[in-house]
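Right, one structure below, let's go through it.
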Amino acid sequence: MLIDSFGFGLIFIVTLCLAVPLGAYMKRVYHNDSSFLDFILPLEKWIFKICRIDPKKSMNWKQYLLALLFIQVVWVIPAFIVLMLQGKLFLNPAHITGMDWSLALNSAISFLTSTNLQHYVGETGASYLSQIGVFTYLQFVSAATSLAAGVAIVRGLTADPGTGVGNFFSDLLRSCTRILLPLSIIVAFIFMIGGMPMTFNGPHQITTLQGDTVQVATGPVAAMVPIKELGSNGGGFFGANDAHPFENPTFITFIVHFIIVLLLPMAFVFFIGYYLNQKKFAWMLFGVMTAGLLLLIIPIVKGEAGGNLKITAMGIDRSAGNMEGKEVRFGAIYSAYYCAENIVIPAGTAVSVHDSYMPLSATAMLIGMQIDAFFGGLGTGWINMFMYLVIAVFIGTLMIGRSPELFGKKISTKEMQVAVMVNVFQIFVPLVLAAIACFVYVNKNGGGDTLSWLSNKGPHGFTTMLYEYVSSVAGNGSNFGGLGNNTPFWNLTTAVAMLSGRFVPIIGGLMIVGLMKAKKFIPASSGTLQTDSATFGVFLLSIILVLSALSLFVILMAGPITEHFSL
């Protein structure tokens, strides 16, 4: 375990070394400074010209938000249609049929919101057209939307009250052409060298050593996998996700997976410091997020390394840890590290079965997804941290008898109310939907078993349903495999959860910076709360943990904690 921990620490350091210069580059992109990719500028100008968009026109927060929401509708409608009609369209060598309307709607919304919750199996439920033309496309533009929203909030914290928060369409396009697409091309080549397939040929028919004839699915895997992780998306080309040997051929590619999941969310932290000229503040955020990541990694890794005592009672050696649902190539420890990273970063990419993790590991997963601010999603993790930041500054400055202010702008009751409402809404929605699901299950005529929802009952069954909604709201997309979720009920209720989890924080964040942007800049004085200090970082982390504990403690007692004490 010590060697594995050293290996993960080394991967983290390598990611950090890449993230710092990448954050500086991102500042140049969104500040419209010159960069080595300026040769793309004619293409960008041509796209704006045919779309009749003026990329230099600055928007206020309302205009920015309206543009962001409008284009979501433009994307989701054709995606929904293609998924329903995929059986009659081209690029379908496996002859996969069209999706049911509720599954098509859920899948389109899932990838639109960067959640990538998959109620279908990739290799048997989606044609190549759907995988590339719908899912991969939405993974790019949803990640670019997340970046744009995060960048707009950073711009809103600048001192000049006369400027807007930027131009959404410019931020969206530059996120794709200057950041996501170049990085995805580089990573795709690395993966293809490692053995990842990139073909539009149909499934291969092979004869096994036993003489059986089987169909082996391949496809344009290398085109999809890089952006699913660079963009904090997570939806796999195959049902087994990163546990599948075509998505993760070697341990070297596994290390690359580790790095690219964390790379851009970490780089965004340093982008904040470069853009606002507040590098010390960025390092404070980095410290808080890293501490939060470690606090979630420790119980997950410890739980999976220790294994299940009931397995030992059966006379089975558990020295390898809890290997149920784990990929043997990677083992329990690295699987647990990867799980924790993909909980903190809501990519939801899985190399193991989360349903088979120990109960206290599931507790840490739920807490990590609900917080969604320890690096968090690309752009959106910063938005969630911004909400906690507003709350912490408001409380902290009142404790020392000062007026709350952040980056020279006063924080009034309105900003505090919005931040608290967003924070409450993020836990209110999954709890209400989980309560509805429990009510339907318990009161179903003939008993809940007739619904074929749960393969495990009791506390674990409750955790399974709660996890589905917390994951949906957090934009994570991972789930417990014991849930029969491809039904109209689950498809529609999780769609509601994904939409609320995606757009409520963005709306709240833009509203807050809009209110702050209109206020006069006040230079810092000796009495100003130092938000870039280590002391404030500890206070901010404490606020996050206390709010999370108050929100989830009772509900966790009813699920994974009760299950833990029953073992």
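Say the cut-off is 24 Å between C-alpha atoms; which of K45/K519; K414/K517; K279/K414 go over it?
K45/K519; K279/K414
K410: which aspartates and glutamates have alpha carbons under 18 Å from its alpha carbon, excluding same-chain residues fewer than 8 sequence positions away?
D160, D532
R0 = 41 Å: FRET efficiency of V538 with D160, Cβ-based, nearest 0.05?
Calculated transfer efficiency: 0.80.
Each label point is 7 Å from the Cα along the Cα-to-Cβ direction; what then is the distance between the points at I71 and Q215, in nm?
Reported label-point gap for I71 and Q215 is 3.8 nm.
Leaving out ligands, DNA and RNA but keeping every protein chain, what accessible area does K519 have, in Å² rounded to the nearest 10, with a 1.4 Å probe?
Surface open to solvent at K519 totals about 50 Å².
Add -39500 (n - 2.57) for each DSSP H run of 4 or more in the chain, then divide by its residues: what number comes out at 222 nm, to the nearest 500 deg cm²/dmol?
Value at 222 nm, helices only: -20500 deg cm²/dmol.
Multiply the residue gap between M192 and L43 by 0.36 nm, knock off their C-alpha separation, and tell me the result in nm, one decimal place.
Separation in residues times 0.36 nm, less the Cα-Cα distance, equals 50.9 nm.
Please compute the per residue accessible area over the chain with all protein chains in place, 1.4 Å probe, rounded to a whole number of Å².
Roughly 40 Å² per residue, with all protein chains present.
Straight distance only, please: which lysines reach the Cα of K457 with their own Cα at less than 16 Å, same-chain residues fewer than 8 apart left out?
Cα-Cα hits under 16 Å: K444.
To the nearest 10 square angstrom, how much accessible area does L294 have with a 1.4 angstrom probe?
90 Å²
Calculate, in nm to one decimal, what T562 and S455 gain on full extension: separation in residues at 0.36 nm each, minus their alpha carbon distance.
36.7 nm
At R0 = 56 Å, how high is the FRET efficiency between K414 and M1 if r is their beta carbon distance? Nearest 0.05 is fine.
The computed FRET efficiency comes out at 0.70.
Using a Förster radius of 51 Å, what is the FRET efficiency between I316 and S58 based on their Cβ-Cβ separation? Nearest 0.05, please.
Result of the calculation: an efficiency of 0.20.
With a cut-off of 8 Å between alpha carbons and a minimum separation of six or more residues, what is the relative contact order of the chain in percent?
18 percent
Residues with beta-carbon under 11 Å from that of L515, excluding L515: net charge, scoring Lys, Arg +1 and Asp, Glu -1?
Overall, the nearby charge balance is +4.
Need the list of lysines near K310 for cross-linking: C-alpha distance under 17 angstrom, and skip anything on the same chain fewer than eight residues off.
Excluding near neighbours in sequence, the set is K302.
Using a 7 Å offset from the Cα along the Cα-to-Cβ direction at both F439 and V121, what is the distance between the two label points in nm, to one decimal?
3.5 nm
Run the numbers for F200 and K279: contour at 0.36 nm per residue of separation, minus the present Cα-Cα distance, in nm.
23.8 nm
Carbon and sulfur: what percent of the chain's accessible surface (1.4 Å probe)?
C and S fraction of accessible area: 69 percent.
Please identify the DSSP H helices in the chain that span no less than 30 Å along the helix axis (Cα) and have a mean Kyte-Doolittle hydropathy of -1.0 or more.
Helices meeting the criterion: 2-30, 61-85, 251-276, 279-306, 413-442, 488-517, 534-558.
Using unit Cβ charges (K, R positive; D, E negative) and no other charged atoms, how large, in debye to the nearest 20, is the dipole of the chain about its Cα centre?
1820 debye
The values are calculated or read from the model by the stated rules, or taken from the named source; none is laboratory data. Here the structure is a predicted model, which is why all the values come from computation and not from measurement. No Cβ is skipped: glycine too gets one built from the backbone with ideal geometry, and neighbour counts run over all protein chains shown. Areas reflect the complete protein model, heavy atoms only, side chains present, ligands, DNA and RNA absent. Shrake-Rupley method; radii C 1.70, N 1.55, O 1.52, S 1.80 Å.
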